[in-house]
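To start, the structure under review is shown below, and the notes come after it.
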Amino acid sequence: MKRQRRNRRPPSPSMVDAVEWILDRIEAHVRGPVLVFGSLPPEGRDLDLLVRGTEEGALTDGFARDGLERRGHRWAVFRNCSAYRVEVVAASAWGLPEVELEALFGQARPLEGRQRVARPAPHHSLLILARRIAFGGGLGEKHRSRVASALAEDPSAWDVARERATAWGVERALDSMRTAFEGGAELPAGNGHGRRRRGHVVALSGVDGSGKSAQSWGLIEALERTGIPAAVEHVPLGSDRVLWVVGGLAHQFVRRTARYGVFADAARRTEAGASILGDPGNPAPSGGRTHVLLTQAWATFVAVANALTHWRTASRHLVAGRVVIHDRYVLDSVVRLRTLYGETRSFRLQRWLLRRLSPQPLCAFLLDVPPETAFARKQDRWAIDQLARQVDLYRAEREGLGIMLVDGARPQEEICAEIAAEVWRRLDS
């Protein structure tokens, strides 16, 4: 059982190309200036745009035609297992006097090589940061460098900003920011009263070699590029410690009672390193009524333990507002139960328990690949005929669990974009 997160990376070359494409599309859609009020491209992970009413409709209509995904006032493009987000904010939402808005846009400076996409003048950069403080946002080290850049461009930026601070309603915030910056102290932090993000579970399922791990990391990259924290959990069936403890005790019991002629067949299986009840890869294992009842009881215990492990591994992420990506989930557990304990046997109770006791996923995907593809990618535990039966089980069980089917044989980048876009669309705005 593994929990993994990954630090954010600088934009990849492919995403730099996506940023340039976004900027090109913005220039094509608007006639007047739009203002980048956050980190300037391509260094930032997203693009924060302030637009006036005359341009807002044209920009959003254009983005829709360009195929960007939308959630509220946020837009995103997904490429090469990464993403780039654009946040479009109406200038009227800032509540500034018209004369200040005219100055903000009129004094803006076009980005290099651009005509309509502009950055704020130095004193406006300071006012925008002060506004962030005044409305409960916090500033970090990257904002200190932004202040330094504004002052390097215009040493009088503090004084010019102070003259306009009253109209912006940020006098105290601007003064505290200047005092902290000039004194070398940390810039003012926010009040922490922002809306808490809701956590979600996303499930990726498929046979060994279907590409779950690669898609998990691709989804983390895409989500974190759009400002959504995420983590990966790998919880295969039978990974809970209590199962190992109980299973070990059962093996000891069988071996000790075998000397009295009880559970002799089971003892021979354990001596050979096999499971007491399971027969992996055998679609119709033999055994009498007692064996069947014991198998059903053990499978129920395994299912409940696995569902509780799903809750335990997911809960810390859900509380923290992260998206937790489960590399293997309910569908994999059901298929593994049937693979281990009999493909022809009914595990309806265990299926129901797994589905009802595990956290409900925001969305779940089956990476469907031919057995030959899976075998070529990962020649591990299963023979190709066993993989073929597992593929059939995955396809049959998927229908009753409401899981989206994804062609896992396609190029990885295409699958990343499809999964990331679907997850992003379903998240809370």
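The values are calculated or read from the model by the stated rules, or taken from the named source; none is laboratory data. Every value quoted in this text rests on a predicted model; they were computed, and no experiment measured them. Using ideal geometry, Cβ is built from the backbone for each residue, glycine included, and neighbour counts are taken over all protein chains shown.
Going through (1) outside any helix (DSSP H, G or I); (2) under 19 Å from G38 (Cα atoms); (3) in contact with a Ser or Thr (Cβ under 8 Å, 6 or more places away or on another chain) one by one, I133 falls short only on (1).
Taking the range 116-137, which residues are within 35 Å of the chain's Cα centre (by Cα) and not aliphatic (A, V, I, L, M)?
R116, R119, P120, H124, S125, R131, R132, F135, G136, G137, listed by residue number.
Here is the figure for the range 89-106: residues that are within 17 Å of I26 (Cβ to Cβ) and touching a helix residue (DSSP H, G or I) at 6+ places or on another chain (Cβ under 6 Å) total 2.
For D61, are the conditions met, namely being out of contact with any helix residue (DSSP H, G or I) (no Cβ under 6 Å at 6 or more places or on another chain) and under 16 Å from A28 (Cβ atoms)? Yes; evaluated as a whole, the condition is true for this residue. Quick one: is K212 at pLDDT 90 or above, under 30 Å from the mean Cα position of the chain (by Cα) and of a type in the set (K, R)? Taking the combined requirement at face value, the residue satisfies it. For the range 92-130, the set of residues classified as assigned to a helix (DSSP H, G or I) and surrounded by fewer than 21 Cβ atoms within 10 Å (Cβ to Cβ) consists of S92, A93, W94, E98, V99, E100, L101, E102, A103, F105, G106, listed by residue number. Among the residues making up the range 146-187, those that are more than 15 Å from H124 (Cα to Cα) and in a helix (DSSP H, G or I) are R172, S176, T179, A180, F181, E182. Scanning the range 18-60 for residues that are in contact (Cβ under 8 Å) with a residue 40 or more places away in the chain and of a type in the set (D, E, K, R) turns up R25, E27, R31, R45, D46, D48, R52.
Filtering A165, A134 for residues that are over 27 Å from R31 (Cα atoms) and at pLDDT 95 or above leaves a single hit, A165. Of all positions in the range 54-66, none carries a residue that is part of a loop (DSSP other than H, G, I, E, B) and either under 24 Å from the mean Cα position of the chain (by Cα) or not aliphatic (A, V, I, L, M) (or both). Taken over the range 36-78, residues that are touching a Leu at 6+ places or on another chain (Cβ under 9 Å), at pLDDT below 90 and more than 22 Å from A108 (Cα to Cα) amount to 1.
Being surrounded by fewer than 21 Cβ atoms within 10 Å (Cβ to Cβ), within 23 Å of V292 (Cβ to Cβ) and charged (D, E, K, R) is a property that does not hold for R381. Restricting attention to the range 301-353 and to residues that are more than 21 Å from G211 (Cβ to Cβ) and aromatic (F, W, Y), the residue that is farthest from the chain's Cα centre (by Cα) turns out to be Y341.
Considering (1) surrounded by fewer than 22 Cβ atoms within 10 Å (Cβ to Cβ); (2) closer than 29 Å to P411 by Cβ, the lone condition that S82 does not fulfil carries the number (1).
For beta carbons closer than 6 Å, sequence separation of 6+ or different chains, a first residue in the range 279-302 that is on the phi > 0 side of the Ramachandran plot and a second that is surrounded by 15 or more Cβ atoms within 10 Å (Cβ to Cβ) and at pLDDT 75 or above, the qualifying pairs are G281/Q386.
The rows are residues; the columns are (1) part of a helix (DSSP H, G or I); (2) polar (S, T, N, Q); (3) exposed (fewer than 15 other Cβ atoms within 10 Å of the Cβ).
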| residue | (1), (2), (3) |
| --- | --- |
| S333 | yes, yes, no |
| R338 | yes, no, no |
| T344 | no, yes, yes |
| T373 | yes, yes, no |
| V406 | no, no, no |
| I415 | yes, no, no |
| E422 | yes, no, no |
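Within the range 136-143, is there a residue that is of a type in the set (G, A, S) and in contact with a His (Cβ under 6 Å, 6 or more places away or on another chain)?
If we filter the range 136-143 for residues that are of a type in the set (G, A, S), which is where we start, we get 136-138, 140.
From what is left, the residues that are in contact with a His (Cβ under 6 Å, 6 or more places away or on another chain) are 136.
Looking through the range 136-143, at least one residue is of a type in the set (G, A, S) and in contact with a His (Cβ under 6 Å, 6 or more places away or on another chain).
Taking the numbered list (1) hydrophobic (A, V, I, L, M, F, W, C); (2) assigned to a helix (DSSP H, G or I); (3) crowded, with 16+ Cβ neighbours inside 10 Å in turn, A396 passes all entries but (3).
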